[in-house]
Amino acid sequence: MHDDLSFIDIGSGFGGVSVSLARLRPQQSFFGVEVAPFPWLVSWLRAKWAGPKVRFYLKDYLQLDFAEFDVVFAYLSPAAMPDLWEKVSAEMRPGTQFMSYEFKVPGVEADLTIKSNENDPVLYVWRI
C-alpha cells in the first residue's frame, strides 16, 4: 500500500472497518459514508478518537465520485450489487480496487477472493 492511499467504506454503519484500518495504517486516509443517522453519529464520534485520517459523512454513496478513492469497500446487499457495479465501472480509475464483503457482482468474476477461515464469508476483490 502506498502512503497516500484513500479508502472508503460505503454503508459504513458504526465505522468499525475504517476505524480499525486507520489504527493499523495511520499514514493513510479512511472514509465512511452512511445514510442512517444513528450509526453515522456513532462512527463520527469514534473517528474523533481514531485520529485525523478517518472521517465519516452522513451521505448516500450515490452522491460520491468514486474516482476520488483508491479502494471502495462495500458490505451492502445482493440487490445493490448490479447498480453499484455500474457506478464502479463508470467512475473508478484504472489501478484502483473495488471490494465487496460477502456479495458477488452478478456475472462479473472477481480477480481475487479472500476467506480467512472455512466458516467466514468471502471478500471479493476486483481490480479496475
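Bear in mind these aren't lab numbers, they're just calculated from the coordinates by the rules spelled out. Since the model is a prediction, treat every value here as computed from it, not as a measurement. We place every Cβ from the backbone using ideal geometry, glycine too, and count neighbours over all the protein chains shown.
Charged neighbours of Asp65, selected by a Cβ distance under 11 Å, balance to 0 (K, R count +1; D, E count -1). Springs between Cα atoms under 10 Å define the GNM used for the chain, and in it the highest mean-square fluctuation of Phe38, Phe69, Phe56 occurs at Phe38. For the chain, the longest principal axis of the C-alpha atoms and the axis of helix 81-91 are separated by about 80°.
Helix-only arithmetic for the chain: the sum of -39500 (n - 2.57) across DSSP H runs with n ≥ 4, divided by the residue total, places the mean residue ellipticity at 222 nm at -8000 deg cm²/dmol.
Add +1 for every Lys or Arg and -1 for every Asp or Glu among the other residues with Cβ under 10 Å from the Cβ of Leu21, and state the total.
On the way: positive: Arg23, Arg25, Lys53; negative: Asp9.
Surrounding charge for Leu21 is +2.
Note on Lys87: lysines with a C-alpha under 27 Å away, same-chain residues under 8 apart excluded, are Lys53, Lys59, Lys104, Lys115. Simple rule: put +1 on each Lys or Arg Cβ and -1 on each Asp or Glu Cβ in the chain, find the dipole, and look at Pro52, Pro82, Ser100; the Cα lying farthest toward the positive end is Pro52. As a size descriptor, the averaged projected area of the C-alpha convex hull of the chain was calculated at 7.8 nm².
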